[in-house]
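To start, the structure under review is shown below, and the notes come after it.
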Amino acid sequence: MQFILDHEYVATLYISLCVFLLCFPKRKYFYVPFAVSFLLIELYWHYRPLPGPLDFLFIYVFVIASVFLIFDINIFGVLFIVTTTFCVQHIAYKGSMILVTLIDYNLRGELFYVLCQVVIILIMNTIIYFTYLKKFKKDPDLEINNYYLLTVAIMILLFNIIVSYFVEDPLLEIKRYDIYSLVNLYSIMGSLAGIVILFMSSNETKLENENKMLEVVLKNDEKKYELAKITQEQINIKYHDLKHFIKENKINEDEVLEIEQNGNVFKSIYYTGNKALDVVLLEKNLACLKYDIHFLTIADGSLLNFMKINHLYSMFSNLIDNAIECVSKIEDKEKRIIRLMVSKQRNSVLIDIENTCLEKPDIKDNEILTSKEDKSNHGFGLKSIKNIVKRYDGNLLISCENEKFVVKIVFPLKNTD
């Protein structure tokens, strides 16, 4: 039993670390530094040459170096993992100490005390895994760039360690178990606060980066709109000139040939009542012609005049691009069909776009789980659409049934006033 007590700290620390092995990218042969660092820390803990809190500070730094060799992540991710690990171990230790002091302090030297730590760690790791870490299996990029929040979390951890030595130990010596338990409870709350702060910093940074990316997408779409608008204006001018030449009977054989070659372009010109929608429909219809895609459109663009030009262009551009990407892969050209409808439905504006989809995608919580390997750089098209829909108090629904992928967007009609 004494052997277990002599090694319980390092063992519980590494048990706390194990949950991260399930979620984050690891280096090749990661198990080597994992095992070696465990043995070296065990060896150090056996002798403990440094006094007081310096022992834990040394181990903290050593574990940082070890985790850097185990996981293939940046230094902020390493600090996140190590600090969270120490917080979890600290909570388990303090929780078990509260239990043994309230029941019988002599249990401190029994197996019950060690089992309490292991059980608390397993419970904490389970909660952390299912509430936060599980998503990193699909998107393993850990983003923590908020120096302030990370510093606060580390300071809380270090403060808890100092309190353990200079407050709790003296209380144990005078056997004030009641006050000792209250101080332990405070330490647990401090460690929990540290974990919450770390999670908040990661979520906040990820949201900031996504918002920046969405802004970039929106800016790029705004530039694309300006270029597409110029193209449409040039086509309109050419179309007007050709009509004039035909009327005046001033057209030669070369110009007739040009009309035939550009007939599809002229047929692609839209007049929906919204110039931005006309531009994007022209651009995407020409893209559909390139891939032999049947692009069928019934749209009252005047219903969308409440939207900013760049928002409208970006939303429809992404919607139609996604549809084109899907149907262009279909071998049977007769099934390459995209239908778009913009209409008034009672007190709402309905945007309904559907396309043939032979392979049903994995849809969960109105999200498409991408099959592309580079998951971190895909999906911003849909996120951009959702962001724009949210700006105008709209709702978006994605479904796929009977080989038809459907996106429905509903805006309240009051926004059109």
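Solvent-accessible area per residue for segment 33-87 at a 1.4 Å probe radius, Å²?
On the way: 2440 Å² over 55 residues.
For segment 33-87, the per-residue accessible area is 44 Å².
Considering only DSSP states other than H, G, I, E and B, which trypsin sites (Lys or Arg not before Pro) in segment 309-355 qualify as loop sites with at most 14 other Cβ atoms within 10 Å?
Working: sites: K329, K333, K335, R336, R339, K344, R346; in loops: K329, R336, R346.
Here the trypsin sites (Lys or Arg not before Pro) that fit, given the DSSP loop and packing criteria, are K329, R346.
Output the pairs from K284/K390; K290/K335; K308/K333 with a Cα-Cα distance over 26 Å in this structure; if there are none, say none.
Pairs exceeding 26 Å: K308/K333.
The values are calculated or read from the model by the stated rules, or taken from the named source; none is laboratory data. If you're wondering where the values come from, they're calculated on a predicted model, not measured in any experiment. Positions of Cβ are backbone-derived with ideal geometry, glycine not excepted, and every protein chain shown enters the neighbour counts. The area values use the complete protein model at the heavy-atom level, side chains included, leaving out ligands, DNA and RNA. Shrake-Rupley method; radii C 1.70, N 1.55, O 1.52, S 1.80 Å.
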